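What follows is one structure encoded as structure tokens, with my remarks underneath.
The values are calculated or read from the model by the stated rules, or taken from the named source; none is laboratory data. Predicted, not measured: the structure shown is a model, and the values here were computed from it. Here the Cβ positions follow ideal geometry from the backbone for every residue, glycine too, while neighbour counts run over all protein chains shown.
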Amino acid sequence: MELDLNLVLVLAMFGSFVVLLASGYPVAWVLAGVGVLFALIGEGLGALGYWVDADLLTVGLLVERLYGTMSSYNLVPLPLFIFMGHMLDRSGIAGDLLRAMQSALAGVSGGLALGVTLIGLLLAASTGIIGASVALLGTLALPAMLEDGYQPEFAVGTVAAAGCLGILVPPSIMLVLMADQMRLAVGDLFLGAVLPGLVLSGLYLVYILLATRLRPGLAPPARRGERGEGSPARISWQLARALVPPLALILAVLGSIFAGIASPSEAAGVGAAGAAALALWRRGLDRETLRDVSRRTARTTAFIFAILTGASCFSVVLRALGGDEVIESAVTSLPFGPTGIVLFLMALVFALGFFLDWIEITLIVLPLVYPITQALGVDPIWFTLLVAVCLQTSFLTPPVGPALFYLQGVAPPGIGLPQLYRGVLPFVFLQLIGLAILFAWPELATMLPQWAY
């Protein structure tokens, strides 16, 4: 009877969360409110278990859990990486990269689309802020692509997908949160994400090359503005001048982590200072810029930590009701075996990505599946990166794909959501192919972390 009551309460708790989320209330307040409400209900029905009561849960255990979450050393790099991304957004580096890529890739089929993808990869490895990358590429590259005669769907799909690479390529703020939820070292997860990120980027580049050769109408031959002017030596100098600053920053941040010279927190500080130095070098750092970047950093960090606080409240109560045991028992009892269960969990994450943001999925789903992965003996780095690649799709899939709305906000007139939906569809399939490759070859995620020890 106790198990049945707990099962009913767990299902009611999830149902209440979904209903209130659909009502439009902020996610952080929904998570925290549902947690407190069901703590009181569970206490009244005697379903919290022998080890906790409502007073201890809301006053003692919850406070202790929140303090432990907020003081987690793994989360220290988060605001610093956010600051680095917003500062680079104001530095003008992406504009220099785009102009240099236009000249260097002018003779290649779909050269501007290839350049946008490569710039997206560089921005991903130096910022990790999806909204900033998508908006920046949409502002700089999308008008140029449309002016050169690119098919609108192909152009918007390329820009949206390239801007979302930062969710996987380190230093990704999503990977920082995932490392905290899965009890992993941030540096190990960064190392594990390098090869999957390169594989996904490679799939994009191969698709653009094949698509533009098989269907020349997607990307007509480059016009004069795309070919650029000047000798090959001048073009090479422009490309090197545009590439060296972001590559130096990437080397300083990721290289120091991977070489064991600095911890992720120390490297994040170096990255934040380096981004400010680049902005100063480009004469783009003044008091107003620093104030704006600091405010945007504080706003983004507060948003993430508010959801983190609500998710902690939700998960503590769920555990007290025995929800983690109910979920673990239900999933492990599926007649699929370990491989089938992992596939089931990926399908679940993919489906949730249509309706929930990556932050909610990371903070709600990962703590629940963590004991399941332990019970199955699944490599935690491989599984976490499978989830990360799967969550790539959540940025592009309707109805709540954030990249679609970021891009629509900066797109030229005439670009609507139907064109965005059609444009990103091939790249969603490419992301699923990347997920299948990582699933078939776990070494892509585990090889570099193993070599580091």
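Tabulated values for the structure
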read-out: Condition met for THR384 (within 20 Å of the chain's Cα centre (by Cα), crowded, with 20+ Cβ neighbours inside 10 Å and not in a helix (DSSP H, G or I)); value: no
read-out: Residue satisfying condition, being surrounded by 24 or more Cβ atoms within 10 Å (Cβ to Cβ) and either touching a residue at least 60 places away in the same chain (Cβ under 8 Å) or in a helix (DSSP H, G or I) (or both), within set GLY187, GLY163; value: GLY163
read-out: Set VAL410, VAL400, VAL365: member being of a type in the set (Val, Ile, Thr), at pLDDT below 85 and surrounded by fewer than 16 Cβ atoms within 10 Å (Cβ to Cβ); value: VAL400
read-out: Residue that is nearest to ILE173 (Cα to Cα), among those in region 277-334 that are charged (D, E, K, R) and touching an Asp or Glu at 6+ places or on another chain (Cβ under 9 Å); value: ARG296
read-out: Candidate set: region 234-258, residues that are more than 24 Å from the chain's Cα centre (by Cα) and among the aliphatic types (A, V, I, L, M); chosen: the one farthest from SER172 (Cα to Cα); value: ILE235
read-out: Residue in region 408-427 that is over 18 Å from GLY138 (Cα atoms) and assigned to a helix (DSSP H, G or I) present; value: yes
read-out: All helices (runs of 4 or more DSSP H) inside region 44-144 with 3 or more residues being aliphatic (A, V, I, L, M) and at pLDDT below 75; value: 62-70, 93-104
read-out: Qualifying position, being modelled with pLDDT under 85, outside any helix (DSSP H, G or I) and over 30 Å from ILE364 (Cα atoms), among GLY217, GLY255, GLY260, GLY225; value: GLY260
read-out: Among (1) modelled with pLDDT under 85; (2) part of a helix (DSSP H, G or I); (3) over 21 Å from VAL18 (Cβ atoms), the one test that PRO335 misses; value: (2)
read-out: Options LEU417, LEU334, LEU345; residue that is within 23 Å of MET178 (Cβ to Cβ) and either exposed (fewer than 14 other Cβ atoms within 10 Å of the Cβ) or touching a residue at least 12 places away in the same chain (Cβ under 8 Å) (or both); value: LEU345
read-out: Failed condition for VAL176, given (1) crowded, with 22+ Cβ neighbours inside 10 Å; (2) touching a Leu at 6+ places or on another chain (Cβ under 7 Å); (3) over 20 Å from ALA272 (Cα atoms); value: (3)
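This table checks each residue for (1) among the β-branched types (Val, Ile, Thr); (2) out of contact with any Asp or Glu (no Cβ under 7 Å at 6 or more places or on another chain).
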position	(1), (2)
LEU368	no, no
ILE381	yes, no
ALA388	no, yes
THR397	yes, yes
PRO412	no, yes
PHE429	no, yes
LEU432	no, yes
LEU438	no, yes
